[in-house]
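Visitor: I have a structure I would like to understand better, so I am pasting it below and will then ask my questions one at a time.
The values are calculated or read from the model by the stated rules, or taken from the named source; none is laboratory data. Keep in mind that what you see is a predicted model, and the values were worked out from it rather than measured. Heavy atoms of the whole protein, side chains included, go into the accessibility calculation; ligands, DNA and RNA do not. Shrake-Rupley method; radii C 1.70, N 1.55, O 1.52, S 1.80 Å.
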Amino acid sequence: MVDGIVMLGAGLLVSYYGWYGPPFGGDAATTAKWQQWHRQWGRWLKWSGAVLTLLGAASVLLGLL
């Protein structure tokens, strides 16, 4: 069950980054670097985050039964 909770948490974090979590600083160079990184990896993070979240939730629910 612990592995399901970890997978669920990782899926939520990956989904957050995939759906364009903003950078923590107000620096223009950091923001530009983040936007470039997000253009390259954002699409893959959206899908993998959703899959990890669903698998983690299923693992937790099946562990409770």
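Visitor: Run lengths n ≥ 4 of DSSP H only: what is the helix-derived mean residue ellipticity at 222 nm for the chain, with -39500 (n - 2.57) per run over all residues, to the nearest 500?
Guide: For the chain, the value works out to -29500 deg cm²/dmol.
Visitor: Sticking with this structure for a sec: Roll a 1.4 angstrom probe over the protein heavy atoms and tell me the percent of accessible area of the chain that is carbon or sulfur.
Guide: Ligands and nucleic acids excluded, carbon and sulfur reach 73 percent.
Visitor: Which percent of Cα pairs goes in each bin when the distances of the chain are cut into 10 angstrom slices starting at zero?
Guide: P(r) for the chain, in whole percents per bin: 24, 38, 24, 12, 3.
Visitor: Using only Cα atoms, find the angle between the long axis of helix 2-18 and the longest principal axis of the chain, and express it within 0 to 90 degrees, rounded to the nearest 10.
Guide: That works out to roughly 30 degrees.
Visitor: Leaving out ligands and nucleic acids, note down the accessible area per residue over the chain with a 1.4 angstrom probe, in whole Å².
Guide: On the way: 4920 Å² over 65 residues.
Dividing the accessible area of the chain by its residue count gives 76 Å².
Visitor: Helix 28-64: angle to the longest alpha-carbon principal axis of the chain, degrees 0 to 90, nearest 10?
Guide: Approximately 0 degrees, to the nearest ten.
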